[in-house]
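The structure appears below as structure tokens.
The values are calculated or read from the model by the stated rules, or taken from the named source; none is laboratory data. Please read all numbers here as calculations on a predicted model, not as lab measurements. Note: ideal-geometry Cβ built from the backbone for every residue, glycine included; neighbour counts use all protein chains shown.
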Amino acid sequence: MESQAHNRQWAGRYPDLGTGPLSTEPYILEERFAREKERIFGRTWLNVGRIEDLPETGGCFARDIQASGASVLIVRGPDGKVRGFHNVCSHRGTRMVPDDGRARRGTKILCPYHHWLYGAAGDLIHIPDEEDFFDLDKTCHGLSPVHTDVRQGFIFVNMAADPPETLADYLGEIMEPLDGCPFDELKRTFTYRVEVNANWKLLFDGQNEFYHLPILHRHIMGRDFVTNAQGHHRYRDLRLYACHSFSAVDFPSYRTVTPLRMALASDLYETPEFRVPGMTGDMDQYTLFPNLTIEIVRLARTTVCVTYAVWPMEVGRTLWEVRFHFKEPASVRDHLRQQSFRRVSLDILQEDVFAAESVYAGMASRGKSHMILKDSEIILRHRQKVVEDFIGGPQ
Ligand code: FES
Ligand SMILES: [Fe+2]
């Protein structure tokens, strides 16, 4: 009886989510994907990067949002303010800056086609051969703004002409425990971008459950995340919000030396660790619906931050962007340790990509119409309900 009660720990806390099998159709139907693009990616706040991606003295980067067929230009002006615009020239509609994962310096944007020039506030500054146009008022032809806001250095955009909620209202309290996190010190980032043959939700599913860690990732993390005598994992804490989720897990002190531990733990680590005062477990995970997970991992004297951004392309194809955020290393030893963590993590991510693609292929074959979830997979259940709430109902 006791173990049965434990197995309903989270289902008991969130009884509305139920415990039955879930349909796999939300992952494979084109028609549903079309509604997700419009009603989720077209209307909610999407993370497009971090403020450190932009030079402090001013600069810009482009982010293509295939789900809404758009590209946004994120610009930091000399006033430090971050603004977003459609990456479209007012002259004849050129997409001006490529989304190549890197920022450009400077506070002006030059269209490469005929060199119309814009300021950081989107204002049209200069038109070559302006006198050949007809009564053109430059003040009326700046770039088209996109709703843009910043929380904790994370830059968000909302592609709706009139977003139903502000970013603050949309996020609610989910990010409050991160308020003391010195993200601004984590200036050293490494990005891993991969196109995955899987539905976008599967990339989150693989991050939000830990059932697979001692199994799929056994060669890399062994029993690092096993928390019970039966060799499985249990959340230390879990909170499901209106559409976001939080989970905390512990990193028990096994003596086994796994590649992950080798990469993370060392008493000789010299870079001062960063502290997150509001941390709950050894690994806290914040999933901000619909496109970002922020993960903070603490072990021995090391703390690392990893973010996972998800960009749907097609119903069965997704751009996955994983970033490692480190402090500047204090020594060569620490540089090597960061590289080691990154290398080990890439091996883990390859296994996750393999798993997501395998699940998608299996679901798409319709060999099974439902999936069966356990108590510790409740975040997957929650996400399916959140998606349903967004895309169901009348237009
Ligand atoms: S299309 Fe941009 S300057 Fe002509
Ligand atoms: Fe994994």
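Structure above, values below:
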| read-out | value |
| --- | --- |
| Of residues in segment 216-226 being in a helix (DSSP H, G or I) and more than 10 Å from ligand 2 (Cβ to nearest atom), the one surrounded by the most Cβ atoms within 10 Å (Cβ to Cβ) | ARG218 |
| Single match in SER245, SER253 (criterion: hydroxyl-bearing (Ser, Thr, Tyr), in the same structural domain as LEU380 (by TED's automatic domain parsing) and under 30 Å from ILE391 (Cβ atoms)) | SER245 |
| Residues of segment 326-366 satisfying the condition of being hydrophobic (A, V, I, L, M, F, W, C) and within 16 Å of ligand 2 (Cβ to nearest atom) | PHE341, VAL344, LEU346, ILE348, LEU349, VAL353, PHE354, ALA355, ALA356, VAL359 |
| Subset of segment 345-372 that is among the hydroxyl-bearing types (Ser, Thr, Tyr) and surrounded by 13 or more Cβ atoms within 10 Å (Cβ to Cβ) - its residue that is nearest to ligand 1 (Cβ to nearest atom) | TYR360 |
| Filtered residues of segment 348-395 (kept if β-branched (Val, Ile, Thr) and in contact with a His (Cβ under 8 Å, 6 or more places away or on another chain)) | ILE348 |
| Output for segment 344-395, where each listed residue is of a type in the set (Lys, Arg) and in contact with a Phe, Trp or Tyr (Cβ under 8 Å, 6 or more places away or on another chain) | LYS374, ARG383 |
| Residue check for GLN384: surrounded by fewer than 18 Cβ atoms within 10 Å (Cβ to Cβ) and more than 21 Å from PHE154 (Cβ to Cβ) | no |
| Enumeration of residues in segment 310-334 that are aliphatic (A, V, I, L, M) and either surrounded by fewer than 21 Cβ atoms within 10 Å (Cβ to Cβ) or in contact with a His (Cβ under 8 Å, 6 or more places away or on another chain) (or both) | MET313, LEU319, ALA330, VAL332 |
| Selection within segment 137-149 - surrounded by 15 or more Cβ atoms within 10 Å (Cβ to Cβ) and not polar (S, T, N, Q) | LYS138, HIS141, GLY142, LEU143, VAL146, HIS147, ASP149 |
| Every pair of residues 6+ apart whose Cβ atoms lie under 8 Å, when the first sits in segment 358-385 and is aromatic (Phe, Trp, Tyr) while the second is crowded, with 21+ Cβ neighbours inside 10 Å | TYR360/TYR27; TYR360/ALA198; TYR360/ASN199; TYR360/LEU202; TYR360/GLY316 |
| Residue, nearest to ligand 1 (Cβ to nearest atom), within segment 173-229, restricted to residues that are within 30 Å of GLU25 (Cα to Cα) and of a type in the set (Gly, Ala, Ser) | ALA198 |
| Residue that is farthest from ligand 2 (Cβ to nearest atom) [pool: residues in segment 106-128 that are crowded, with 17+ Cβ neighbours inside 10 Å and either of a type in the set (Val, Ile, Thr) or outside the structural domain of SER144 (by TED's automatic domain parsing) (or both)] | ILE127 |
| Tabulated pairs, segment 329-340, first within 13 Å of LEU264 (Cβ to Cβ), second polar (S, T, N, Q), C-beta under 9 angstrom, 6+ apart or interchain | ASP334/THR271; ARG337/SER266; ARG337/THR271; ARG337/THR302; GLN338/THR271 |
| Matching residues, segment 107-157, being touching a Ser or Thr at 6+ places or on another chain (Cβ under 6 Å) and among the small types (Gly, Ala, Ser) | ALA120 |
| Residue list for segment 246-270, restricted to those being touching a strand residue (DSSP E or B) at 6+ places or on another chain (Cβ under 8 Å), closer than 14 Å to PHE326 by Cα and either in a loop (DSSP other than H, G, I, E, B) or at pLDDT 75 or above (or both) | TYR269 |
| Filter result (of a type in the set (Val, Ile, Thr) and within 16 Å of ligand 1 (Cβ to nearest atom)) within segment 76-109 | VAL88, THR94, VAL97, ILE109 |
| Segment 9-32 - residue that is of a type in the set (A, V, I, L, M, F, W, C) and touching a strand residue (DSSP E or B) at 6+ places or on another chain (Cβ under 6 Å) and, of those, nearest to VAL386 (Cα to Cα) | LEU22 |
| Qualifying positions in segment 176-206 - of a type in the set (D, E, K, R) and either within 16 Å of ligand 2 (Cβ to nearest atom) or exposed (fewer than 15 other Cβ atoms within 10 Å of the Cβ) (or both) | GLU176, ASP179, ASP184, GLU185, LYS187, ARG193, GLU195, LYS201, ASP205 |
| In segment 212-230, the residues that are within 17 Å of GLY281 (Cβ to Cβ) and among the polar types (S, T, N, Q) | THR227, ASN228 |
